[in-house]
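One structure below.
The values are calculated or read from the model by the stated rules, or taken from the named source; none is laboratory data. Just so it is clear, the model here is predicted, and its values are computed rather than measured. Note that we place each Cβ from the backbone using ideal geometry, even for glycine, and neighbour counts take in every protein chain shown.
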Amino acid sequence: MLNGQEMRSIPLGECGLSQSKDELTPPSRTASMALTLSRSDSLWAAEPAPGRCQVFWFPIHFMSTGGSFLVCGAIMSSLYFTGHCRKVTNILGPALLSIGLMVFVVGAVLIPITKKNRKRISRFMNN
């Protein structure tokens, strides 16, 4: 189904060029349809600006995830250097430290980028 119409096969070899072209071309919008679309409130209604939590959710999520990995890596590394669980913490400690630091830094870099994009969009919307 496509736009409420049933899909059917068109035998292009049996039709003339203009007839098959008319079958394949969707009907154009009429003036009355454009008028009803322009009067629709949902198209022209201004959406409220997203809050700070919605705008900065992605960087905050990155920073909190990276921070938790960083803390887990620090704990595992400290367990390694104190002599507990040397086999497990030998690889996991440094790996979690590096992954956590990398993700945390990506989140920290995304905050100024998000601020800059937000200012640019608000400046564009005000003009």
- [ ] Evaluate the following for Phe104: is it surrounded by 16 or more Cβ atoms within 10 Å (Cβ to Cβ) and aromatic (Phe, Trp, Tyr)?
- [x] yes
For segment 66-101 the number of residues that are surrounded by fewer than 16 Cβ atoms within 10 Å (Cβ to Cβ) and either at positive phi or among the hydroxyl-bearing types (Ser, Thr, Tyr) (or both) is 6
Expected single match for surrounded by 10 or more Cβ atoms within 10 Å (Cβ to Cβ), under 30 Å from Met125 (Cα atoms) and either modelled with pLDDT of 95 or more or of a type in the set (Lys, Arg) (or both) among Lys115, Lys21 is Lys115
